[in-house]
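Shown next, in structure tokens, is the structure this report addresses.
The values are calculated or read from the model by the stated rules, or taken from the named source; none is laboratory data. Note that the structure is a prediction, hence the values are computed from the model and not measured. Don't worry about glycine lacking a Cβ; one is built from the backbone with ideal geometry, like all the others, and counts go over all protein chains shown. To get the accessible areas, we keep the full protein, side chains included, count just its heavy atoms, and leave off ligands, DNA and RNA. Shrake-Rupley method; radii C 1.70, N 1.55, O 1.52, S 1.80 Å.
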Amino acid sequence: MKMNSKLDERQQQIQLKTFRILGIFLLICIGFMGYYKMYKYNTVPYEFYIVLIAFLILYFAPYLYNDIPHPQDTKGNYLPTSSSRTDVKVRIKHYFQRSFEFSLYFSILDILLLHINTLALNNLLFLTLLFTIGISFCIAFPLNILLGEFQIKKYNKLIQKLDEDDK
């Protein structure tokens, strides 16, 4: 009895979700291993480079295949893609929120994993947290704007091309 090696669409979706979950789990494990080595040996381990490269590949891979998803906010709602003033304000607000969330998470992890032994729970810890939030926000906000607007531009170009092909 021969088995058909081709998967139907439902099976492909299940397989894709499984690989995504596995990939996220492995990246989290590699990230924790990197934090442990950084904490123990006070050096930047190669695991961080692996995680960084993996996230860059996951972020830019859809652009290689012209499979650009509709931009979404953190709640899953679609972001407006036109260049009107109100739509740009909505997107900037989203980039601001996403940057603040990232800087908050990054700062808390930084304090917990790197500085918890050296800092007592006093004003210095609070000032270090505020400083880390400020610096990481100043880096994340322009990057979010650049990458988000790049995605919007590519998405609009793809939609325009598909509309032209339909005519």
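Tabulated data
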read-out	value
Residue identified as modelled with pLDDT of 90 or more and either open to solvent by 80 Å² or more (accessible area, probe 1.4 Å) or part of a helix (DSSP H, G or I) (or both) among 150, 96, 106, 131	96
Selection within region 10-42 - surrounded by fewer than 11 Cβ atoms within 10 Å (Cβ to Cβ) and closer than 26 Å to residue 112 by Cβ	21, 25, 40, 41, 42
Of all residues making up region 48-89, the number that are surrounded by 10 or more Cβ atoms within 10 Å (Cβ to Cβ) and either touching a strand residue (DSSP E or B) at 6+ places or on another chain (Cβ under 9 Å) or assigned to a helix (DSSP H, G or I) (or both)	24
Filter result for residue 44 (modelled with pLDDT of 80 or more and aliphatic (A, V, I, L, M))	no
Residue 45, sole failed condition from (1) farther than 21 Å from residue 146 by Cα; (2) open to solvent by less than 90 Å² (accessible area, probe 1.4 Å); (3) in contact (Cβ under 8 Å) with a residue 60 or more places away in the chain	(3)
In region 153-164, the residues that are charged (D, E, K, R) and open to solvent by 100 Å² or more (accessible area, probe 1.4 Å)	153, 157, 161, 164
